[in-house]
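See structure below.
Please treat every number below as a calculation from the coordinates, not as lab data. Everything numeric in this text was worked out from a predicted model, so none of it was measured. Reconstructed Cβ throughout: ideal geometry from the backbone, glycine too, with neighbour counts over all protein chains shown.
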Amino acid sequence: MSILPQNRQSPHPPPTTQTYCLPRQETLGSAPLILMRPPTRIEDLKAKPGVVVCQHCRHLVITETSPENGSCTYLGILALILAGVSSCGCCLLPLCMTSCKDIMHSCPNCQEDIGLYSRIKEKTYPVRRIDDPQEFR
Ligand SMILES: [Zn+2]
C-alpha cells in the first residue's frame, strides 16, 4: 500500500528561462514619434542647432545659433580685394553673408555661449566661461 499525494499539481509552476528582446528597428507607422536625439559632442556641432549638454548649466538643450564674423569672413574680404573688387565696397559683401560667417552656438537656458563653429576648419570649438574668478587664481 502506497501513499500517493492527492494533488500532484504544483502550486508554483517552474520558472521559465524566457528572455525578452525588444525589437531593434520597430516601425510605428504614421504615429507621431518624438524622440530626443542623443546629445552630440560640442566639437561635432555644425552650422545648424544641435542637441548638446551645456557645459555651463549641465542641461540638455538645443543650441541657438547666431552668425559671427570669423576667419572665413575676413578671408572672403581679402580675396575680393585681391581680385580687384574694392572700389564700390563690394569687398565687404562677406560681412553680410551668413554663409561666410562662423556660427556661435549658445544655450537657450543660461544664455551662455557653448561653442563657435568655424567654417574654415569645419569644427566647433567649445567656449569656456572666462568670468569665473576661481579659475584664474
Ligand atoms: Zn546652459
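Quick look at the values:
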read-out: All strands (runs of 3 or more DSSP E) inside the range 57-137 with 3 or more residues being under 22 Å from the mean Cα position of the chain (by Cα) and within 14 Å of the ligand (Cβ to nearest atom); value: 60-62, 102-106, 113-118
read-out: Any pair with Cβ under 8 angstrom, 6 or more apart, that starts in the range 50-74 at a residue that is in contact (Cβ under 8 Å) with a residue 60 or more places away in the chain and of a type in the set (A, V, I, L, M, F, W, C) and ends at one that is near the ligand (Cβ under 8 Å from one of its atoms) and part of a strand (DSSP E or B); value: VAL52/VAL61; VAL52/ILE114; CYS54/VAL61; CYS54/ILE114
read-out: Of all residues making up the range 77-99, the number that are within 30 Å of CYS57 (Cα to Cα) and touching a residue at least 24 places away in the same chain (Cβ under 8 Å); value: 1
read-out: Count of the range 69-108 residues which are charged (D, E, K, R) and touching a Phe, Trp or Tyr at 6+ places or on another chain (Cβ under 9 Å); value: 1
